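What follows is one structure encoded as structure tokens, with my remarks underneath.
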């Protein structure tokens with residue numbers, strides 16, 4: 001079964017029977033499935049296919065369970081082997097020192113080469129070893145589909161840099177946005193919602209995404225798949241090309257939970273209707289529901 005067929009089946013199943021994943025969904029006509037999907041705003045332009053005979057509703061159920069409970073391990077999750085887990089611990093520790101030394105703003109937009117050079121020049125961080133660099137390249141170049149993440153690669157070269165002249169540091173947020181569509185979208189949200197809304201995460205360069213992703217992998221015993229359900233693997237984050245996160249002022253870490261949908265900011269924004277969110281509930285990218293993640 002290829003990825004397109006499986007993702008289509010997930011969409012069809014979720015929009016027809018989101019609570020009771022009945023095998024009956026496989027038996028309804030293609031025209032009926034298409035109408036149901038359109039009515040539920042699921043599939044817009046992707047071609048629909050008839051589900052192959054070897055696909056069971058248990059496969060769809062497993063997929064949905066994973067993204068509805070992203071921080072729980074699953075029997076088919078992909079883990080690092082023991083040797084790589086040792087290297088991972090060293091890298092995460094070095095990233096933490098790099099983060100503290102470079103500072104939040106610089107770390108957020110740093111490219112791979114800049115971070116490696118910086119680490120080499122500051123003894124408090126320490127140079128990345130050959131083994132560590134090989135590990136980082138392995139993580140970057142592996143197809144994220146292997147972990148269950150189905151988004152496109154956004155940073156297509158390991159050495160790709162973010163040009164500072166193309167970014168704007170949003171006052172009082174500590175975060176940067178790309179000038180152009182990304183900044184304009186945030187400013188429009190800010191104009192309409194006022195001081196209640198804040199930018200909780202903007203541009204993430206490759207190094208910051210490495211740090212966030214690998215830190216979670218380490219905290220969960222080397223589970224790459226689990227980390228991928230809430231953090232895009234390095235190179236795949238849409239934060240690297242324009243997406244950003246918003247939150248409710250004073251709501252703290254709850255801005256990164258489903259509690260956010262109960263806030264005035266979320267309710268006002270959805271009522272206005274001009275913002276699209278990247279990771280909808282039961283999406284086809286293998287990622288948890290993120291009602292705070294604005295899509296560009």
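Values in this text are rule-based calculations from the coordinates and carry no lab data. If you're wondering where the values come from, they're calculated on a predicted model, not measured in any experiment. All Cβ positions, even for glycine, are placed from backbone atoms using ideal geometry, and neighbour counts span all protein chains on display.
Listed values, structure above:
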read-out	value
Extended-chain gain in nm, criterion 0.36 nm per residue less alpha-carbon gap, residue 179 and residue 253	24.0 nm
For q = 0.11, 0.14, 0.16, 0.22 Å⁻¹, Debye-computed log10 I/I(0) when each Cα of segment 81-196 counts as one equal scatterer	-0.51, -0.78, -0.95, -1.28
Protection proxy ranking of 213-220, 67-74 - average other beta-carbon atoms within 10 Å, highest first	213-220, 67-74
Compactness of segment 109-177 - radius of gyration and Dmax, Cα, Å	15.1, 39
Rounded if a/c under 1.5, otherwise prolate or oblate - segment 194-274, Cα gyration tensor axes	prolate
Linear extension gain, residue 120 paired with residue 188, 0.36 nm per residue minus alpha-carbon span	20.3 nm
